[in-house]
Amino acid sequence: MLEFHIKKATRLCYKTGEALLPGQSFYSVLVTEGAEIVRHDYSQQAWEGAPDDALAWWKSDVPVEEGAKVTLAPDEVVKQFFQQLIDSNEQPDMAYVLALLMIRKRMMRMEGTEQDEEGNEWMIVSCSKSEQEYKVPVTNPDAQEVAAIQDQLVAMLYKDAA
């Protein structure tokens, strides 16, 4: 399988040089230039259709940024908090939601699940940096509980959070 690395949108119109503003529609085209595949972005006003040599084209909208961007605390801080949750076993719902977040952020990798003698399900996750494996109780918090857990995690683990 061939793999191509396509650059992100430049937020500038290739034809006019104008800035593509948040919320504005624009077109992107992939063309070959020599041995490379290059992306060109066009404002809606400058778009005259895809060139004959286009490999692909699509229409998008420039994302609208909503307030200041919040960033997750350093990985080690998040992992230490996760370790405390696992060790205390007092907030299994939060440990489960945090494990899922860490999998999504590629801080942890899901290895699988298992059941114990009592029928409890456990998610097995591992950290490649520390080569440590964790068993996280699989819980089923309802939507309201998940929202409350997410709010707590944002308040504790995200920089510049509300």
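Bear in mind these aren't lab numbers, they're just calculated from the coordinates by the rules spelled out. Here the structure is a predicted model, which means the values were calculated and not measured. Cβ placement follows ideal geometry from the backbone for every residue including glycine, while neighbour counts extend to all protein chains displayed.
Annotations for the structure displayed:
- Sites GLU18 and THR71 - FRET efficiency at Förster radius 22 Å, r taken between beta-carbons, to 0.05: 0.15
- Compactness of the range 71-159, expressed as Rg and Dmax over alpha-carbon positions, Å: 12.7, 41
- Over the range 1-66, relative contact order from alpha-carbon pairs under 8 Å, at least 6 apart, %: 37
- Counting every C-alpha pair in the chain, the share spaced more than 24 angstrom apart comes to 56%.
- Stretching GLN83 away from ASP52 to a fully extended chain increases their span by 5.5 nm, per 0.36 nm per residue minus the current alpha-carbon distance.
- Segment GLN91-SER60, extension gain: residue separation times 0.36 nm, minus the distance between their alpha carbons: 7.0 nm
- For the pair VAL146 and ASP116, label points projected 7 Å from Cα toward Cβ lie 2.5 nm apart.
- Full extension of the segment from ILE103 to VAL138, taken as 0.36 nm per residue of separation minus the current Cα-Cα distance, would add 11.2 nm.
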